[in-house]
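Engineer: The structure follows.
The values are calculated or read from the model by the stated rules, or taken from the named source; none is laboratory data. Quick caveat, the model's predicted, so the values are computed rather than measured. So basically every Cβ, Gly included, is an ideal-geometry build from the backbone, and we count neighbours across all protein chains shown. The area values use the complete protein model at the heavy-atom level, side chains included, leaving out ligands, DNA and RNA. Shrake-Rupley method; radii C 1.70, N 1.55, O 1.52, S 1.80 Å.
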Amino acid sequence: MTIDPEQYAAQVAALVHELPADPEIDRAADLFTKALTAGGVIQAFGSGHSEAVAMEIAGRAGGLVPTNRLALRDIVLHGDAPRAELDRYDLERDPAVARTILDLAPVQPHDLFVLISNSGVNGVVVELATLVKERGHDLVAITSRAHTEAVPSRHPSGRRLADLADVVLDNRAPYGDAVLPLPGGGAVGAVSTITSALLAQLVVTRTVRNLLDAGETPPVYLSANVPEGDAHNLTLEARYAGRIRRGA
């Protein structure tokens, strides 16, 4: 057995080809549009590699301005937890951390949440989803159906992220994430970050289409690395002062 990078590329390409046809993307975009039209902000959270997908949603060129990224490190940056807490190997499995993150966040009633977790079973993301729904927010999940249905939940309720979301976007990653089998077991070539980022961008672009179709001007970032970028972006960000965080 040998590893064929071309086969990895082919499998990723197949997934990229099939994802845009998922009708759940339009359902998610409708929820985004509803939140933004009501003056809400899109609150995105992912831990581990899933944070990269939250970064696709919050605060990037070509993306929506009314977006905010939540993270595990918020308990230190915006709370009073000691720095050493971030070194805990089990931090994302601790449900109590979710309440702290949410209580520290600049959340308002019309905000929508996007929670990203390939497994969808760790304590923080499931508890965060539980609290979000208890507080009346719409919730979009990006997860792997194949993986989450193959493993037990690590949350005391036994529920998974997919059980709580209003819309579930399946990133099509296989159990274990990687697609090229290795001799003796295991696999190489993870796909979830690629497919989840594509899902995130498909929802954003369809949301912008919805806003344009309604005659609205979408609040979209320019690259900070073009001459007019900073002025454009700062003007739009000022509309959401105190509600969106940028930087770490």
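Engineer: Ignoring any ligand, DNA or RNA, what whole percent of the accessible area of the chain comes from carbon and sulfur when the probe is 1.4 angstrom?
Structural biologist: 54
Engineer: Using R₀ = 25 Å, calculate the FRET efficiency as 1/(1 + (r/R₀)^6) where r is the Cβ-Cβ separation of E134 and R27; round to 0.05.
Structural biologist: Efficiency for this residue pair is about 0.70.
Engineer: Is the shape of the stretch 158-208 best called rounded, prolate or oblate, per the rule: a/c under 1.5 gives rounded, else a/b larger than b/c gives prolate, else oblate, with a ≥ b ≥ c the square roots of the Cα gyration tensor eigenvalues?
Structural biologist: Because a/c hits 1.5 or more and a/b fails to exceed b/c, the stretch 158-208 counts as oblate.
Engineer: Mind running the shape call on the stretch 1-55? Use the C-alpha gyration tensor, a ≥ b ≥ c as the square roots of the eigenvalues: rounded below 1.5 for a/c, prolate if a/b tops b/c, oblate otherwise.
Structural biologist: Verdict is oblate for the stretch 1-55.
Engineer: Please give the residues of the stretch 218-242, grouped as numeric ranges, whose backbone N is less than 17 Å from a label point set 7 Å along the Cα-to-Cβ vector of A61.
Structural biologist: Hits in the stretch 218-242 for A61 at 17 Å: 220-234.
Engineer: On to the next question. Which value in nm describes the separation of the simple spin-label points at A96 and V220, placed 7 Å from the Cα toward the beta carbon?
Structural biologist: Simple spin-label model gives 4.5 nm for this pair.
Engineer: Something else about it: Kindly provide the helix-only [θ] at 222 nm of the chain, computed as the sum of -39,500 (n - 2.57) over DSSP H runs of four or more divided by all residues, to the nearest 500 deg cm²/dmol?
Structural biologist: Computed ellipticity for the chain at 222 nm equals -12000 deg cm²/dmol.
Engineer: Rounded, prolate or oblate: pick one for the chain, where a ≥ b ≥ c are the square roots of the eigenvalues of its C-alpha gyration tensor, a/c under 1.5 means rounded, and failing that, prolate if a/b is larger than b/c, else oblate.
Structural biologist: oblate
Engineer: Identify which of G63, G184, G215 has the largest mean-square fluctuation in a Gaussian network model of the chain, with springs joining Cα atoms closer than 10 Å.
Structural biologist: Of G63, G184, G215, the Gaussian network model singles out G184 as fluctuating most.
Engineer: Name the long-range amide H neighbours of D138: under 5 Å, sequence gap of 5 or more, or other chain; modelled H, no Pro or chain starts.
Structural biologist: F113
Engineer: Further question: Taking the simple approach of a point 7 Å from Cα along Cα-to-Cβ for both H232 and A38, what is their distance in nm?
Structural biologist: Label-label distance for H232 and A38, simple model: 3.0 nm.
Engineer: Now a separate question. Calculate the dipole size of the stretch 2-78 relative to its Cα centre from +1 charges on Lys and Arg beta carbons and -1 charges on Asp and Glu beta carbons; express the result in debye to the nearest 20.
Structural biologist: 460
Engineer: Springs between alpha-carbon atoms under 10 Å, Gaussian network over the chain: tell me which of E149, E85, E24 tops the mean-square fluctuations.
Structural biologist: It is E85.
Engineer: In whole angstrom, note down how far apart the Cα centers of the stretch 63-84 and the stretch 156-220 are.
Structural biologist: Rounded to whole Å, the Cα centres lie 21 Å apart.
Engineer: Pick from D170, D80, D230: which residue has the top mean-square fluctuation in a GNM of the chain where Cα pairs under 10 Å get a spring?
Structural biologist: Of the options given, D80 has the highest mean-square fluctuation.
Engineer: Can you give me the Cα centroid spacing of the stretch 221-240 and the stretch 6-26 in angstrom?
Structural biologist: 32
Engineer: Ignoring ligands, DNA and RNA, what accessible area per residue does the chain give at 1.4 Å, in Å²?
Structural biologist: 46
Engineer: Could you order S50, S144 so the one with the most accessible surface comes first? Probe is 1.4 Å.
Structural biologist: Order by accessible area, largest first: S50, S144.
Engineer: Then there's this: Could you put D103, D111, D26 in order of accessible surface area, largest first, with the 1.4 Å probe and the full protein assembly present?
Structural biologist: The most accessible residue leads, giving D103, D26, D111.
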